């Protein structure tokens with residue numbers, strides 16, 4: 001059996017398949033300097049703000065009371081979608097965007113989300129971040145051999161495209177919007193001989209076939225625990241499911257076949273399916289340690305997706321967020337736009353719930369589930385779409401990062417702290433440290449006060 005330095009099975013023709021972290025061999029890895037528990041961070045961004053209390057509009061997003069999340073406090077609110085994970089998420093209100101947006105509320109808001117840095121300014125879709133994003137900060141310290149997994153559900157060629165992930169000031173992390181290409185890169189298929197690639201792409205062979213001999217040897221090892229055998233079975237079945245266009249978690253049949261998401265991946269009508277395939281790719285990548293950080297941007301900067309609400313294809317989400325049929329301040333009013341926005345908020349949080357479900361589908365080598373090892377984050381880049389406001393921007397964290405973050409609560413932070421505090425909290429919770437080995441307190445623009453959010457830190 002040929003087992004690569006970083007936990008790959010090495011098979012015929014140079015084919016390599018990443019393995020999940022196996023508890024049976026964990027002590028050996030830890031002796032070589034691996035951290036006691038690998039932790040992960042994933043950031044899912046939705047756009048156009050949420051329908052929350054503003055002007056004459058009623059509150060339909062935030063829980064009804066701070067403290068423990070319960071069926072009663074979540075009732076009739078968009079966040080009720082997360083009730084199955086009420087004890088494993090924390091909902092955070094009171095955060096504010098660090099800097100203004102004189103050029104464009106969308107184009108200048110998204111780059112700030114994970115950088116807590118100002119932008120270059122400019123006009124329209126020009127602004128770029130002046131800082132590095134949290135996913136790159138995490139990957140560079142915790143998995144320096146692997147870039148973050150940077151994904152997008154929506155068209156790249158649009159007025160405001162991907163702007164969430166930044167590898168350095170003024171340098172975007174390239175976002176992949178094709179699930180098929182993302183999977184291919186995760187599996188290292190572009191590095192294989194063309195003949196092998198063709199056979200796998202045509203489904204004549206699975207990449208599993210090229211490591212079958214080594215996999216059989218691994219599965220027959222007397223060192224392997226029963227839990228590791230289950231995790232290996234799940235891992236290789238997931239590979240086969242992705243190859244054949246199937247999904248690991250059954251979805252609502254109204255959403256259409258997963259195969260459509262792998263081909264017409266920029267199409268409006270398959271947007272929900274693309275999100276769900278990306279969710280499962282993130283969970284798969286974390287389960288085998290291919291990266292320690294991931295991002296998923298849903299929709300363009302001003303998400304123009306026409307979502308299905310009650311079986312009806314509604315106007316563009318960006319229009320709905322403005323409450324009129326247009327991208328600016330002019331247009332015919334959209335009837336019940338605030339209620340439509342509320343329903344789309346539930347769709348967006350349903351995407352996040354599916355991410356939590358995808359992570360929860362995998363066992364952790366440390367006991368519990370993979371979700372328990374993660375800080376899984378949902379955020380918006382605006383507070384409310386009508387005003388493009390940057391005050392009271394919603395953030396939700398699930399999983400607890402290996403017990404380092406408090407879950408099961410709704411907190412409304414006093415003093416309107418800006419993003420650097422929650423990013424410091426998350427970066428530190430998943431295992432990053434400063435130069436002295438202590439928690440990270442100074443991520444983001446140096447003009448910001450820094451620090452972490454005490455209400456989240458265990």
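Annotations for the structure displayed:
- Computed from Cα positions, the angle between helix 337-360 and the longest principal axis of the chain comes to roughly 20 degrees.
- For the Cα trace of region 106-226, dividing Rg by the Kirkwood Rh returns an Rg/Rh value of 1.14.
- FRET efficiency estimate (nearest 0.05) - Cβ-Cβ, residue 53 to residue 223, R0 56 angstrom: 0.45
- Treating each Cα of the chain as an identical point scatterer and summing with the Debye formula, the log10 of I(q)/I(0) at q = 0.08 Å⁻¹ comes to -0.44.
- In terms of packing, defined here as the mean over residues of other Cβ atoms within 10 angstrom, the peptides 323-336, 421-434 line up highest first as 421-434, 323-336.
- Mean projected area of the Cα convex hull of region 372-419, taken over all directions, amounts to 3.8 nm².
- Label-to-label distance for residue 416 and residue 87 is 3.7 nm, based on points extended 7 Å past Cα in the beta-carbon direction.
- Between the beta carbons of residue 195 and residue 146, assuming R0 = 25 Å, the FRET efficiency works out to 0.40 to the nearest 0.05.
- Per-peptide average of other Cβ atoms within 10 Å, ordering 11-21, 348-358, 168-178 highest first: 348-358, 11-21, 168-178
- For the chain, averaging the sequence separation of C-alpha pairs within contact (under 8 Å, six or more residues apart) and dividing by the residue count gives a relative contact order of 28 percent.
- Between residue 10 and residue 170, the simple label model (points 7 Å from Cα in the Cβ direction) yields a spacing of 4.1 nm.
- Computed helical MRE - 222 nm, the chain, DSSP H runs ≥ 4 contributing -39500 (n - 2.57), nearest 500: -8000 deg cm²/dmol
- Packing-based ranking, highest mean first, of 186-193, 312-319, 219-226, 126-133 given that Cβ atoms within 10 Å are counted: 126-133, 312-319, 186-193, 219-226
- Cα Rg, Dmax, region 275-356, angstrom units: 15.7, 50
- DSSP bridge pairs, the chain: antiparallel proportion in percent, nearest 5: 50 percent
- P(r) histogram, all alpha-carbon pairs of region 332-458 included - 5 Å bins from 0, percent: 2, 9, 15, 19, 18, 15, 10, 6, 3, 1, 0, 0
- Gap separating the Cα centres of region 84-123 and region 274-344, nearest whole Å: 16 Å
- Compared with the dominant Cα axis of the chain, that is its longest principal axis, helix 226-243 is turned about 70°.
- Residues listed by number, region 404-441, amide nitrogen under 17 Å from residue 72 label point at 7 Å toward C-beta: 409-410
- Residue 240 versus residue 455: modelled label distance in nm, points set 7 Å from Cα along the beta carbon direction: 4.8 nm
The numbers here are math on the coordinates, done by the rules we state, and not lab data. Keep in mind that what you see is a predicted model, and the values were worked out from it rather than measured. Don't worry about glycine lacking a Cβ; one is built from the backbone with ideal geometry, like all the others, and counts go over all protein chains shown.
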